[in-house]
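Participant: Structure incoming, see below.
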Amino acid sequence: MANEAKTTSEYLLEVEHLKQYFPVRQGFHTVMLKAVDDVSFAIRPGETLGLVGESGCGKTTVGRSLLRLYQPTAGRITFDGKVLLDTGEQYDENGRPVLDASGKPVKGPAIEPDMFPFRRQMQMVFQDPYSSLNPRMTVEDIIGEPLDVHKLYSSKAERRDKILELMELVGLNAEHAMRYAHEFSGGQRQRIGIARALAVNPKFIVCDEAVSALDVSIQAQVVNMFEELQDKLGVAYLFIAHDLLVVHHISDRIAVMYLGKVVEIADADELNGSPIHPYTLSLLSAVPIPDPETARHSKRIVLEGDVPSPLNMPSGCPFRTRCRYATEQCAAEMPPLSDRGDGHMVACWNK
Amino acid sequence: MQGTDREQYKKRQFLSAQIDLSRFNPSSFEKATDEEKKQQDVMGESTTFFRDGMRRLRKNPLAMGSIIVLAAIILIIIIAPHIVPYSYSEIISIDGKRDKSAANLAPFEYSKMEQQYMDRTGEKLFPHIFGTDSLSRDYFIRVIYGTRVSLSVGVVAAIMVLIIGLLYGSIAGYFGGKVDLVMMRIVDVIYSLPDMLIIILLSVVLDQTLEPLITGTVFARLGVNMISMFVVFSLLYWVGMARLIRGQILTIKNNEYVLAAKCIGTKDRQILKKHIFPNILSVVIITTALQVPSAIFTESYLSFLGLGVSAPLTSLGSLANDARSGLQSYPHRLVIPALVICLIVLALNLLGDGLRDAFDSKLN
């Protein structure tokens, strides 16, 4: 784990300096909304990276941008040794863009390959099990769609066998293949969504708040199923959620996001046991503790103020407006992610 | 043992939610077997979207009544011309001689010549069910043909509006952005034109320009006016449909299942065909059903103004127009076509409403 040397063989997915800006029209002029601003992380094969942060901090956008469901503004994404996107910006070892003499960023050749072959390798499970399934299609057709698109069968019978196998795999009754999605409960619908993602036999799945819409007992079932599937199929997850307990349970490593930036990445237990970034500290202090005795003695760190608007970001570190340790340096420059030992990366000048 | 448990149970704080465990035995906590779990797995009767909608439609007495009325009207206009021996343009004659006394007959009345003919030969002539008009033509068969014309104008216009609106609206809605902006401004321009004025101008102009184009083709049998009416409808009324479909597609393409399809790698055309169209279909069917009566209405209106089908072919609107002159003496000639228009438009509107109630999932 300590070894952070970046060889292409170690990581399945590498995201470097990913930026996703959306133009927002305000009257006559257009402002850039920086949903994701310079995010870098990497995922090993068969690993789960948890991505946490409050609402609107860009978690979902990260997931969608790296699957290129949006067109990222800048960044480089490598999957399984192949470049999936490269807009050509160059960065030095401190993570700052390389500038030429006139102050313009140096640009390498941009690479944007066709995503179609990658779609077989990378899939997504969506948040809302009610809107992520087409109400006019039977379960068989929903799960069969990826098989149709990628032509993964040679006969009708083989298609049906594969679909029934997938339904069995996610714990659905195969007799219900001819039914419509609205006839199933929330948990069952999420299983259908998972079966659809698994149909192409991907190496990597983005789970975008995949359990948030389910009630707690069903959440446990689905989370356990994600883990079983990982053991069976060796698939890697980017597990996006806002429930820290669930993320801690399923993840090998956790990344914490605030206002479009990753502020801390560490092993799940390390992050829970000894968080460093002030934002992570306050986030963890907000987790409800199921024991009233301990809860009475624990202190919540309540942040002052509101999250700044992503349309009007503070200079330097985005968290400085609410941070107890903020100094002038924080206002001047964004702290880079630096290693604090054992791959525990933190972006903070003062801690 | 149990006694002390009871004691503790009594001693607990009165707001405590602690459960008295003595009421349970170990067998209460055994895990459910797979079979028991499967029994819990209750699901309703499987229904498709269409079957479910039809079931709801059948329960709506107004909609079912409308279907019966429409079916009866369609049946009559198909069969009646085969039974009634008169044609819509035929002036009644007896033994090859024009029957001058046959003008303006009341319903089921025979003219003098017909009466004499029947007395002479003993043969029974077919009665004039609605009487005759001022040119001694059988009024019943004219109403039948008028209904044929009005209904076909309505249906063809609705279908043309559907095709153009569907293509235009789905392109604008699906691609969005600048394409949408430009296409919708064109729609706004067409929408802002006063439609009656345009219809009248177009039908006057088309009358003259179309005539040389269609002579000798199949269209010639339809008549210039009828074709110009189709063109006018399809040029003007698709804008409402296009707007509606664009709006529907805009809401549906933001659903996560469309994003999921993109994530799978489904092509744009397939996404439109498999994910978007099936979901707007109910709205499209309903709007088309409601478009038919509005087209019939406009056609009657135009015919009433004298811009409709050309004589001797007639439509319900022009029948009503012709009846104006003899309104005091022969009111039934105005009442009958007016009633048929009412019946068709009312039935189609009620059917459209019924379809919406049955198939629009947002209302359920």
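Participant: Using DSSP to call loops (not H, G, I, E or B), can you name the chymotrypsin sites (Phe, Trp or Tyr not before Pro) in the stretch A:10-75 whose Cβ has at most 10 other Cβ atoms within 10 angstrom?
Facilitator: Passing both the DSSP loop test and the Cβ count: A:Phe28.
Participant: Measuring from centroid to centroid over Cα atoms, what is the spacing of the stretch A:274-340 and the stretch A:10-87 in Å?
Facilitator: Centre-to-centre (Cα) distance: 22 Å.
Participant: Something else: In deg cm²/dmol, rounded to 500, what helix-only [θ] at 222 nm does chain B give when every DSSP H run of at least 4 residues adds -39500 (n - 2.57) and the total is split over its residues?
Facilitator: Working: 15 runs with 239 residues, N = 364.
My calculation for chain B gives -22000 deg cm²/dmol from helical runs alone.
Participant: Of the trypsin sites (Lys or Arg not before Pro) in the stretch B:200-276, which ones lie in a loop per DSSP and count no more than 16 other C-beta atoms within 10 Å?
Facilitator: Listed in order of number, the matching sites are B:Lys267.
Participant: May I pose another question? Checking the table A:Lys19/A:Lys351; A:Lys19/A:Lys203; A:Lys104/B:Lys253 against a 30 Å threshold on Cα-Cα, which pairs fail?
Facilitator: From the list (A:Lys19/A:Lys351; A:Lys19/A:Lys203; A:Lys104/B:Lys253), the Cα-Cα distance tops 30 Å for A:Lys104/B:Lys253.
Participant: Shielding by partners for A:196-203, please: the mean number of other protein chain Cβ atoms within 10 Å of each residue's Cβ.
Facilitator: Mean shielding count: 1.
Participant: Another question, if that's okay. Which lysines does B:Lys124 reach when only Cα atoms under 16 Å apart count, and residues fewer than 8 places away in its own chain are ignored?
Facilitator: List returned: B:Lys112.
Participant: If you don't mind, there's one more thing I want to ask. Using a simple charge model, +1 on the beta-carbon of Lys and Arg, -1 on the beta-carbon of Asp and Glu, nothing else, what dipole does chain B show about its Cα centre, in debye to the nearest 20?
Facilitator: 840 debye
Participant: Follow-up question, since we're still on this one. Along the stretch A:337-348, what does the Karplus equation 6.51 cos²θ - 1.76 cosθ + 1.60 (θ = phi - 60°) give for ³J(HN,Hα), rounded to whole Hz, x for Gly and Pro?
Facilitator: 5, 10, 7, 9, x, 6, x, 7, 9, 9, 10, 7
Participant: Something else now. Return one number: the angle in degrees, 0 to 90 and rounded to the nearest 10, between the long axis of the Cα atoms of helix B:139-175 and the longest principal axis of the Cα atoms of chain B.
Facilitator: The angle comes out near 40 degrees.
Participant: Volume per residue, Å³, of the convex hull around the alpha-carbon atoms of chain A?
Facilitator: With only Cα atoms used, chain A gives 171 Å³ per residue.
Participant: Pull up all non-local amide H partners of B:Ile94: gap of 5 or more, or a different chain, and H-to-H distance under 5 Å with H placed in the peptide plane.
Facilitator: When sequence neighbours closer than 5 places are left aside, the close amide H contacts are B:Asp99.
Participant: Charges only on Cβ, +1 for Lys and Arg, -1 for Asp and Glu: so what's the dipole of chain A about the Cα centre, in debye to the nearest 20?
Facilitator: It works out to roughly 840 debye.
Participant: How big is the antiparallel share of DSSP beta bridges in the protein assembly as shown, given as a percent to the nearest 5?
Facilitator: Just about 70 percent of them are antiparallel.
Participant: Could you tell me which of A:Ala181, A:Leu84, A:Phe116 has its Cα farthest along the dipole of the stretch A:84-192 towards the positive end, charges placed at Cβ (Lys, Arg +1; Asp, Glu -1), taken about the Cα centre?
Facilitator: Of A:Ala181, A:Leu84, A:Phe116, it is A:Ala181.
Participant: How big is the charge dipole of the protein assembly as shown about its Cα centre, in debye rounded to the nearest 20, if each Lys and Arg gets +1 on its Cβ and each Asp and Glu gets -1 on its Cβ? The partial results should precede the final answer.
Facilitator: Details: 74 positive and 78 negative charges, 361 e Å.
Roughly 1740 debye, rounded to the nearest 20.
Participant: When you look at the Cβ of every residue in B:264-271, what mean number of other chain Cβ atoms sits within 10 Å?
Facilitator: That average works out to 5.
Participant: Measuring from a point 7 Å past the Cα of A:Arg96 along Cα-to-C-beta, which residues in the stretch A:319-341 have an amide N at less than 19 Å?
Facilitator: A:328-339
Participant: Moving to a separate point now. Identify, among B:Ala260, B:Leu206, B:Val187, the residue whose Cα sits farthest towards the positive end of the charge dipole of the stretch B:138-359, taking +1 on the Cβ of Lys and Arg and -1 on the Cβ of Asp and Glu, with the dipole about the Cα centre.
Facilitator: B:Ala260
Participant: Residue-wise, which Karplus ³J(HN,Hα) couplings in Hz belong to the stretch B:184-198, taking 6.51 cos²θ - 1.76 cosθ + 1.60, θ = phi - 60°, and x for glycine or proline?
Facilitator: 6, 5, 4, 4, 4, 4, 5, 5, 7, 6, x, 5, 4, 4, 5
Participant: Where Lys and Arg each count +1 and Asp and Glu each count -1, what net charge lies around A:Leu271 among other residues with Cβ under 9 Å from its Cβ?
Facilitator: -3
Participant: Follow-up. Got a sec? Charge dipole of chain A, +1 on Cβ for Lys and Arg, -1 for Asp and Glu; which of A:Ser132, A:Leu152, A:His249 is way out at the positive end?
Facilitator: Farthest towards the positive pole: A:Ser132.
Participant: Highest mean first, how do A:204-217, B:142-155 rank when packing is the count of other Cβ atoms within 10 Å averaged over residues?
Facilitator: Numbers: A:204-217: 19.9, B:142-155: 24.1.
Highest-to-lowest ranking by the protection proxy: B:142-155, A:204-217.
Participant: Report the longest stretch of chain B that contains none of the GluC sites (Glu not before Pro) sitting in a DSSP loop with at most 14 other Cβ atoms within 10 Å.
Facilitator: B:124-364
Participant: A further question follows. Around A:Val206, with a cut-off of 14 angstrom between Cβ atoms, what is the net charge of the other residues, counting Lys and Arg +1 and Asp and Glu -1?
Facilitator: Numbers: positive: A:Lys59, A:Arg64, A:Arg68, A:Arg119, A:Arg196, A:Lys203, B:Lys262; negative: A:Glu47, A:Asp208, A:Glu209, B:Glu256.
After counting each charged neighbour, the total is +3.
Participant: What list of ³J(HN,Hα) couplings, whole Hz, do you get for the stretch A:104-109 from phi and the Karplus terms 6.51, -1.76, 1.60, once you set θ to phi - 60° and write x for glycine and proline?
Facilitator: 8, x, 6, 10, x, x
Participant: Take every residue in peptide B:246-259, count the Cβ atoms of other chains within 10 Å of its Cβ, and give the average of those counts. Provide the component values of the computation, followed by the final result.
Facilitator: Values: counts 0, 0, 0, 0, 0, 0, 1, 0, 1, 7, 12, 15, 3, 8.
That average works out to 3.
Participant: Now for a different question. Using amide H atoms built in the peptide plane, which far-off residues or other-chain residues are under 5 Å from A:Val206 H to H?
Facilitator: The answer is A:Gln123, A:Met124, A:Val125, A:Leu238.
Participant: Right, something else. 222 nm [θ] for chain A, helices only, -39500 (n - 2.57) per DSSP H run of 4+, per residue, to 500?
Facilitator: -8000 deg cm²/dmol
Participant: Can you pull out the chymotrypsin sites (Phe, Trp or Tyr not before Pro) in the stretch B:97-138 whose DSSP state is coil and whose Cβ has at most 11 other Cβ atoms within 10 Å?
Facilitator: Passing sites in the stretch B:97-138 are B:Phe108.
Participant: If amide H atoms are built 1.01 Å from N in the plane of the peptide, which residues on other chains or at least 5 residues away come under 5 Å of the amide H of A:Arg340?
Facilitator: When sequence neighbours closer than 5 places are left aside, the close amide H contacts are A:Met345, A:Val346.
Participant: Also, I was wondering about something else. Could you tell me what percent of the DSSP beta bridges with both partners in chain A are antiparallel, to the nearest 5?
Facilitator: Antiparallel bridges make up about 65 percent of those DSSP assigns within chain A.
Participant: May I pose another question? What net charge is computed for the residues neighbouring B:Ala172, neighbours being all others with C-beta under 15 Å from the C-beta of B:Ala172, Lys and Arg scored +1, Asp and Glu -1? Present the calculation step by step, with values, prior to reporting the outcome.
Facilitator: Numbers: positive: B:Lys178, B:Arg185, B:Arg243, B:Arg246, B:Lys253; negative: B:Asp180, B:Asp188, B:Asp268.
Once positives and negatives cancel, what remains is +2.
Participant: Note the angle between two axes, namely the Cα long axis of helix A:139-149 and the longest principal axis of the Cα atoms of chain A, as a number of degrees from 0 to 90, rounded to the nearest 10.
Facilitator: So the inclination is approximately 70 degrees.
Participant: Quantify how much of the Cα-Cα distance distribution of the protein assembly as shown extends past 52 Å, in percent.
Facilitator: For the protein assembly as shown, the fraction of Cα-Cα distances above 52 Å is 37 percent.
Each value in this text was obtained by applying a stated rule to the coordinates, not by laboratory testing. As the structure is a prediction and not an experimental result, all values here were calculated from the model. Because the Cβ atoms are built from the backbone with ideal geometry, glycine has one as well, and the counts that use them run over all protein chains shown.
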